[in-house]
Amino acid sequence: MGHHCVVVQKGLKRGFILFIVSEIMLFFGFFWAFFHNGTNVDSVLGGYFPPEGIIIINPFGIPLYNTFLLILSGISVTWTHKGIILFDLSVEVMDGFLITIFLGWFFLILQIMEYYESFFNYNDSSYSCAFFMLTGLHGMHVFVGVIFLFVCFLRYIRGHFTKQHHLGFEFAVWYWHFVDVV
């Protein structure tokens, strides 16, 4: 309810920043594996990455749409945050929440469609393993972010956030921007 003192708020912020840094390191490890496998191709696999027989997903299809969805959701969550900080206008803030949550769910639906349309399985190659691990982990983070934002939306409706005290929502915004960047 915003009754934390400044010292506690600083500690919570530092803790959440460390959490996001640990998540960045997790993704960095998987990206490292992906790029390492792509640059150090084994001759047993034919010297190609992705290996022959793996039909990759068109990056200008669903992945591009999902990128636009996440960019738009980043804009809408920032709009929501600015609405709480500057104006506290409930209609604009509620619209921003709903738009961001909708875009997150739509991203997940398109992610499922992307998996359904892929021509390879998790165990086909190091490429497919890294692809499903990275996109699946990212999808799981989007799911968690949508739930995080939905809980903040419910808290906003109940009047838990004010212009000065909205640390939980601020953490949701930080997390959502982390998901956008990944």
Completion exercise
Screening 87, 49, 35 for residues that are touching a Phe, Trp or Tyr at 6+ places or on another chain (Cβ under 7 Å), farther than 15 Å from residue 179 by Cβ, aromatic (Phe, Trp, Tyr) and modelled with pLDDT under 90 leaves only 49
Problem - Every pair of residues 6+ apart whose Cβ atoms lie under 7 Å, when the first sits in segment 108-131 and is within 27 Å of residue 68 (Cβ to Cβ) while the second is assigned to a helix (DSSP H, G or I) and aliphatic (A, V, I, L, M) - result: 108/142; 110/62; 113/62; 114/62; 130/33
Practice task
Inspect segment 86-108 for any residue being closer than 30 Å to residue 165 by Cα, touching a helix residue (DSSP H, G or I) at 6+ places or on another chain (Cβ under 9 Å) and not in a helix (DSSP H, G or I) and give the result as yes or no.
Solution key: yes
Handout entry: So residue 70, is it surrounded by 15 or more Cβ atoms within 10 Å (Cβ to Cβ) and under 12 Å from the mean Cα position of the chain (by Cα)
Key = yes
Completion exercise
Output for Cβ contacts, cut-off 8 Å, separation at least six or different chains, first residue in a helix (DSSP H, G or I) in segment 50-78, second of a type in the set (Ser, Thr, Tyr), reads 73/100; 76/100; 77/100
Handout entry: Qualifying position, being touching a Pro at 6+ places or on another chain (Cβ under 8 Å) and more than 30 Å from residue 163 (Cα to Cα), among 57, 62
Key = 57
Completion exercise
Residues in segment 155-173 that are closer than 18 Å to residue 102 by Cα and either among the hydrophobic types (A, V, I, L, M, F, W, C) or surrounded by fewer than 17 Cβ atoms within 10 Å (Cβ to Cβ) (or both) total 5
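Quick one: is residue 77 of a type in the set (A, V, I, L, M), touching a Phe, Trp or Tyr at 6+ places or on another chain (Cβ under 9 Å), within 26 Å of residue 103 (Cα to Cα) and modelled with pLDDT of 90 or more? Let's see the steps before the verdict.
Values: of a type in the set (A, V, I, L, M): yes; touching a Phe, Trp or Tyr at 6+ places or on another chain (Cβ under 9 Å): yes; within 26 Å of residue 103 (Cα to Cα): yes; modelled with pLDDT of 90 or more: yes.
Taking the combined requirement at face value, the residue satisfies it.
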Exercise for the section: Look at residue 105 and say whether it is in contact with an Asp or Glu (Cβ under 9 Å, 6 or more places away or on another chain) and either among the hydrophobic types (A, V, I, L, M, F, W, C) or exposed (fewer than 15 other Cβ atoms within 10 Å of the Cβ) (or both). Expected result: no
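The values are calculated or read from the model by the stated rules, or taken from the named source; none is laboratory data. Since the model is a prediction, treat every value here as computed from it, not as a measurement. Quick reminder, even Gly has a Cβ in these numbers, built from the backbone with ideal geometry, and neighbours come from all protein chains shown.
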